[in-house]
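The values are calculated or read from the model by the stated rules, or taken from the named source; none is laboratory data. Keep in mind that what you see is a predicted model, and the values were worked out from it rather than measured. Glycine gets a Cβ as well: all are built from the backbone with ideal geometry, and neighbour counts include every protein chain shown. Areas reflect the complete protein model, heavy atoms only, side chains present, ligands, DNA and RNA absent. Shrake-Rupley method; radii C 1.70, N 1.55, O 1.52, S 1.80 Å.
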Amino acid sequence: METRQQGFLDSEPLREADEDMASEVNLNNSIMTEEEREEIQQELAKLEEEISTLKQVLSSKEKQHAELKQKLGATSLYELRNNLSRGWHDMQTSTAYKKTSETLSTAGQKTSAAFSTLGSAITRKFGDMRNSPSFKSFEEKVETTVSTIKTKVGGTGTAGSFEEVLSSAANASSQDTPTINLTDSSERPC
């Protein structure tokens with residue numbers, strides 16, 4: 001396992017005390033005159049004061065910004081919606097989105113054409129199959145069988161649809177079913 005070294009790779013942020021100590025070390029170790037050191041310290045103090053002032057101004061401006069937005073009714077939900085709309089618009093106008101959209105559109109058109117061709121081929125094959133001698137022979141055998149069943153069930157000899165044959169067979173079988181009347185055991189003679 002790798003051991004972690006302290007120093008430049010230290011992930012903790014510097015604190016203000018660390019910064020002060022580092023500046024003191026640099027000032028004490030460098031070769032400069034007392035006047036240069038005082039001048040740099042004065043410039044540093046002035047810069048820190050300006051930074052503090054700028055932070056206060058920024059905070060004031062941010063507060064004023066929030067108040068004006070509130071007066072206009074611009075809530076965070078409103079801003080989120082605007083950001084999402086703007087992001088969606090930016091995405092739609094990107095070249096990657098346009099290329100992807102065009103590619104998907106082309107793929108959809110090709111897929112639609114392929115299914116249309118497949119459907120036409122299947123329809124043509126079924127038509128060819130229906131006109132084939134073996135299918136006609138099968139169809140004649142089914143018609144003969146249906147006619148025979150219908151005749152035996154009690155219908156006339158005319159051929160009908162398969163559904164008619166099934167319903168007539170169901171009607172015939174329901175008429176042949178015997179009914180049993182049960183009497184109450186108290187009414188039976190012993």
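Below is a table of values for the structure above.
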{"item": "In the range 147-158, the residues that are more than 16 Å from Asn171 (Cα to Cα) and either of a type outside the set (S, T, N, Q) or modelled with pLDDT of 85 or more (or both)", "result": "Ser147, Thr148, Gly157"}
{"item": "Selected residue (only one of Ala66, Ala74 is outside any helix (DSSP H, G or I) and free of Cβ contacts under 8 Å to residues at least 12 places away in the same chain)", "result": "Ala74"}
{"item": "Residues satisfying the stated conditions in the range 22-35, i.e. open to solvent by 90 Å² or more (accessible area, probe 1.4 Å) and either modelled with pLDDT of 60 or more or in contact with a Phe, Trp or Tyr (Cβ under 8 Å, 6 or more places away or on another chain) (or both)", "result": "Ile31, Glu34, Glu35"}
{"item": "Hey, Thr103 in the same structural domain as Glu139 (by the TED database), within 30 Å of Glu139 (Cβ to Cβ) and in a helix (DSSP H, G or I) or not", "result": "no"}
{"item": "Flag if Ala45 is in a helix (DSSP H, G or I), open to solvent by less than 80 Å² (accessible area, probe 1.4 Å), at pLDDT 95 or above and of a type outside the set (Ser, Thr, Tyr)", "result": "yes"}
